[in-house]
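Engineer: The structure is given below, and queries will be raised subsequently.
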Amino acid sequence: RLAGARLVPVPVDSEGLVVSELERLTESTDVAAVYTTPHHQYPTTVTQSGPRRQALLRLAARRRICILEDDYHHEYHFAGRPVWPLASDDPRRVVLHIGTFSKVLAPGLRIGYAVGQAEIIRRMAARRAYTDRQGDLASERALASMITGGELGGHVRRMHRIYRERRACLASALERELGDELQFEIPAGGLGLWVTARRGIDTDAWAEAALARGVLVHSARRFRFDGRKGPELRLGFARHDEPELEEAVRRLRLALRDVTRRP
């Protein structure tokens, strides 16, 4: 918006971004770019299906739309083989692939990367220079050494196991403590769960009550363009070990009781 863009939402379902709706939008609107998280859609965690991925690439090539592929959780895919990025099958060069090391190492690292056409990268670097002339050279060199020396790959493999165990712990605790109140599917990857509350539960009030008990969750309203309520919640698990996740779910159950007891 600061750059002058007008943002228009596109629906997402169980197969990811609904390309047919995007195509319908292009018939009435001059679409310059589409921002998408196809590997683990944020916030629903859905992985975009193969046919949808191919349809999106064909549409972008035909309409000359730039696909901004944010591959923020690529390393953490727990079920089956990881899905290759859109950029890996992009002969028409319509994808700008962007990622970050913040999820792999630490949120405070603030080092990302972009892969795309040289002219786009050049213009991005020029804009970046307006606010940051050189970045953190010490951190960048240390990260480069971890990549070339193999330490980063080893770290990702260790964290992959830890996050998979934490995901299983959170899912088990939710089924045990809130199985009658929540529905969800364990996603193929990513660092969060997208859960749906049973009919009649105010997820905004639940999130507020949970925060009062020291647990931060995000209700569907936070992610909707129209700001309307929804029955969903997003629960992250990466930061906490198993005992902390168990305690968080216990507090979620108490927070729901706080909400349902209100007049």
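Engineer: Which one of Gln117, Gln48 is surrounded by 14 or more Cβ atoms within 10 Å (Cβ to Cβ) and touching a residue at least 24 places away in the same chain (Cβ under 8 Å)? Give the steps one after another, and end with the answer.
Structural biologist: On the way: Gln117 fails: surrounded by 14 or more Cβ atoms within 10 Å (Cβ to Cβ).
Gln48 is the lone residue from the list that is surrounded by 14 or more Cβ atoms within 10 Å (Cβ to Cβ) and touching a residue at least 24 places away in the same chain (Cβ under 8 Å).
Engineer: Which numbered condition in (1) closer than 21 Å to Phe225 by Cα; (2) surrounded by fewer than 21 Cβ atoms within 10 Å (Cβ to Cβ) is the only one that Arg58 fails?
Structural biologist: Unmet for Arg58, out of (1) closer than 21 Å to Phe225 by Cα; (2) surrounded by fewer than 21 Cβ atoms within 10 Å (Cβ to Cβ): (1).
Engineer: Within the range 80-102, track down each residue that is at pLDDT 90 or above, among the small types (Gly, Ala, Ser) and assigned to a loop (DSSP other than H, G, I, E, B).
Structural biologist: Hits for the range 80-102: nothing passes.
Engineer: Output the number of the condition that Tyr163 fails; it satisfies all remaining conditions of (1) under 27 Å from Arg81 (Cβ atoms); (2) open to solvent by 90 Å² or more (accessible area, probe 1.4 Å).
Structural biologist: Exception for Tyr163: condition (2).
Engineer: Ok, one more. Restricting the range 120-160 to residues that are polar (S, T, N, Q) and touching a helix residue (DSSP H, G or I) at 6+ places or on another chain (Cβ under 9 Å), which is least open to solvent (accessible area, probe 1.4 Å)? Break it down into steps so the answer makes sense when it comes.
Structural biologist: Of the residues in the range 120-160, the ones polar (S, T, N, Q) are 131, 134, 139, 145, 148.
Retained after the next criterion (residues that are touching a helix residue (DSSP H, G or I) at 6+ places or on another chain (Cβ under 9 Å)): 139, 145.
Working: Ser139: 33, Ser145: 68 Å².
Among those residues, the one meeting the criterion is Ser139.
Engineer: Looking at the structure I just gave you, is Ala173 among the aliphatic types (A, V, I, L, M) and either open to solvent by 60 Å² or more (accessible area, probe 1.4 Å) or out of contact with any helix residue (DSSP H, G or I) (no Cβ under 6 Å at 6 or more places or on another chain) (or both)? Even if it seems obvious, please write down each step before you answer.
Structural biologist: On the way: among the aliphatic types (A, V, I, L, M): yes; either open to solvent by 60 Å² or more (accessible area, probe 1.4 Å) or out of contact with any helix residue (DSSP H, G or I) (no Cβ under 6 Å at 6 or more places or on another chain) (or both): no.
It is false that Ala173 is among the aliphatic types (A, V, I, L, M) and either open to solvent by 60 Å² or more (accessible area, probe 1.4 Å) or out of contact with any helix residue (DSSP H, G or I) (no Cβ under 6 Å at 6 or more places or on another chain) (or both).
Engineer: Oh, and also: Every residue in the range 1-45 that is aliphatic (A, V, I, L, M), over 28 Å from Glu75 (Cα atoms) and touching a residue at least 12 places away in the same chain (Cβ under 8 Å), please. Working first, answer last.
Structural biologist: In the first step, residues of the range 1-45 are kept if they are aliphatic (A, V, I, L, M); the result is 2-3, 5, 7-8, 10, 12, 17-19, 22, 25, 31-34.
Keeping just the survivors that are over 28 Å from Glu75 (Cα atoms) gives 2-3, 5, 7-8, 25, 31-32.
Of everything in the range 1-45, those that are aliphatic (A, V, I, L, M), over 28 Å from Glu75 (Cα atoms) and touching a residue at least 12 places away in the same chain (Cβ under 8 Å) turn out to be Ala5, Leu7, Val8, Leu25, Val31, Ala32.
Engineer: Something else: Within the range 192-209, which residues are crowded, with 19+ Cβ neighbours inside 10 Å and not β-branched (Val, Ile, Thr)?
Structural biologist: First, pick out the residues of the range 192-209 that are crowded, with 19+ Cβ neighbours inside 10 Å: 192-195, 197, 203, 206-207, 209.
Residues satisfying the conditions are Gly192, Leu193, Trp194, Ala197, Trp206, Ala207, Ala209.
Engineer: Filter the range 224-256 down to residues that are of a type in the set (Phe, Trp, Tyr) and surrounded by 15 or more Cβ atoms within 10 Å (Cβ to Cβ), then give me how many there are.
Structural biologist: First pass over the range 224-256, keeping only residues of a type in the set (Phe, Trp, Tyr): 225, 237.
Within this subset, residues satisfying the condition of being surrounded by 15 or more Cβ atoms within 10 Å (Cβ to Cβ) are 237.
Of the residues in that region, 1 qualify.
Engineer: Counting residues that are in contact with a Phe, Trp or Tyr (Cβ under 6 Å, 6 or more places away or on another chain), in contact (Cβ under 8 Å) with a residue 12 or more places away in the chain and not β-branched (Val, Ile, Thr), which helices (runs of 4 or more DSSP H) fully inside the range 128-242 reach at least 2?
Structural biologist: Values: elements: 137-149, 151-178, 203-212.
In the range 128-242, 151-178 are the helices (runs of 4 or more DSSP H) which contain 2 or more residues that are in contact with a Phe, Trp or Tyr (Cβ under 6 Å, 6 or more places away or on another chain), in contact (Cβ under 8 Å) with a residue 12 or more places away in the chain and not β-branched (Val, Ile, Thr).
Engineer: Filter the range 69-107 for residues that are basic (Lys, Arg) and in contact (Cβ under 8 Å) with a residue 12 or more places away in the chain; which is surrounded by the fewest Cβ atoms within 10 Å (Cβ to Cβ)? Full working, then the answer.
Structural biologist: Step one: of the range 69-107, the residues basic (Lys, Arg) are 81, 92-93, 103.
Subsequent filtering for residues that are in contact (Cβ under 8 Å) with a residue 12 or more places away in the chain retains 92-93, 103.
Working: Arg92: 11, Arg93: 13, Lys103: 18.
Among residues in the range 69-107 that are basic (Lys, Arg) and in contact (Cβ under 8 Å) with a residue 12 or more places away in the chain, the one surrounded by the fewest Cβ atoms within 10 Å (Cβ to Cβ) is Arg92.
The values are calculated or read from the model by the stated rules, or taken from the named source; none is laboratory data. Because the structure is a prediction, the values reported are computed rather than measured. In this analysis, Cβ positions are derived from the backbone assuming ideal geometry, glycine residues included, and neighbour counts consider all displayed protein chains. Each accessible area value is taken on the protein alone, full model and side chains, heavy atoms only, with ligands, DNA and RNA left out. Shrake-Rupley method; radii C 1.70, N 1.55, O 1.52, S 1.80 Å.
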